[in-house]
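Read the structure below first, then the notes.
The values are calculated or read from the model by the stated rules, or taken from the named source; none is laboratory data. Predicted model, so just to flag it, every value in this text is computed and none were measured. All Cβ positions, even for glycine, are placed from backbone atoms using ideal geometry, and neighbour counts span all protein chains on display. Accessible surface is based on the protein model in full, side chains and every heavy atom, while ligands, DNA and RNA are left aside. Shrake-Rupley method; radii C 1.70, N 1.55, O 1.52, S 1.80 Å.
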Amino acid sequence: MNKILTSIPDVIVIRPDVFEDSRGYFFESYSRSKLFDIGIFYDFVQDNESLSGRGVLRGLHFQLPPFEQGKLVRVIKGAVLDVAIDIRKNSPFYGKWVSQELTEKNKLMMWIPPGFAHGFLTLEDQTVFSYKCTQIYDRNSEKVIAWNDPDIDINWNVENPNLSERDKMGISFNNFLTPFIYK
């Protein structure tokens, strides 16, 4: 696994070692020791997977403490634009975001630590998105920041994404009082 730094150092893009030949390919999609080697010292307690058509936007989600989640995300089939926003008080990157295209072809993964809101836009039909979480899902702790908040100004490159009712009701970033603290 190779670590690729982003403009927010705590968010890491990971390029796995992929072995391809005429039969197909093989790679380790998870190795605790290799993640430790690149500085990701978390255990995962839940795996999630979603299937979405092109133009579905999911996010920007996070869970409040004590159920805050770190996520190791990847695409099994299709492609997404994956986005992480720093919501940690006193962080030099507070309110800043990074994005990465994750596809079945590039096999990149992204580590989004606790204290970040996360979302993705599907770029192809039948996209299968997979993520490992460091904490269990707790419905009462989940919050959503508006995907199109002008103060964050994410360039999704889409005007009318397909959104869930919950995601349509996301709060504005300026009205959000973060419980997360930069360490």
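Quick check: from the Cα gyration tensor, does segment 80-168 come out rounded (a/c under 1.5), prolate or oblate? Here segment 80-168 falls in the rounded category. A Cβ-based charge dipole, computed about the Cα centre of segment 105-147 with Lys and Arg at +1 and Asp and Glu at -1, lands at about 160 debye. Set against the labelled values (i) 63; (ii) 45; (iii) 39, percent of Cα pairs over 23 Å apart computed from this structure falls on (iii). Couplings 3J(HN,Hα) of segment 131-147, computed from phi: 8, 9, 10, 7, 8, 5, 6, 10, 3, 6, 9, 6, 10, 9, 9, 4, 4 Hz, in residue order, whole Hz [Karplus 6.51 cos²θ - 1.76 cosθ + 1.60, θ = phi - 60°; x for Gly and Pro].
With K and R counted +1 and D and E -1, the other residues having a Cβ less than 10 Å from that of PHE180 yield a net charge of +1.
Across ILE171, ILE87, the residue with the most accessible area heads the list, and the full order at a 1.4 Å probe is ILE171, ILE87. For the pair GLN126 and SER50 in one chain, pulling the backbone fully straight at 0.36 nm per residue adds 26.4 nm over the alpha carbon distance. Any chance you could check the Cα centroid distance between segment 62-83 and segment 107-183 for me, in angstrom? Computed from Cα coordinates, the inter-centre distance equals 8 Å.
Couplings for segment 15-22, taken from phi via the Karplus curve 6.51 cos²θ - 1.76 cosθ + 1.60 with θ = phi - 60°, read 9, x, 7, 9, 10, 10, 8, 4 Hz in order; Gly and Pro are left as x. Among 6-12, 138-144, 75-81, 49-55, the peptide with the highest mean count of other Cβ atoms within 10 Å heads the list, and the full ranking is 75-81, 6-12, 49-55, 138-144. Amide H contacts for ASP125 (H built 1.01 Å from N in the peptide plane; partners 5 or more residues away or on another chain; cut-off under 5 Å): ARG54. With the charge dipole of segment 1-65 set up from +1 on Lys and Arg Cβ and -1 on Asp and Glu Cβ about the Cα centre, the Cα lying farthest toward the positive end among the listed residues LEU5, HIS61, ILE40 is that of HIS61. Each of the peptides 109-117, 36-44 was scored by the mean count of other Cβ atoms within 10 Å over its residues; in descending order, highest first, they stand as 109-117, 36-44.
Relative to the Cα centre, the charge distribution of segment 81-183, modelled as +1 at Lys and Arg Cβ and -1 at Asp and Glu Cβ, gives a dipole magnitude of about 540 debye. Beyond 25 Å in Cα-Cα separation lie the following of the pairs LYS3/LYS183; LYS34/LYS96; LYS77/LYS143: LYS34/LYS96; LYS77/LYS143. Rounded, prolate or oblate: which fits segment 1-109, taking a ≥ b ≥ c as square roots of the Cα gyration tensor eigenvalues, rounded meaning a/c under 1.5, else prolate when a/b beats b/c? Cα axes put segment 1-109 in the prolate bin.
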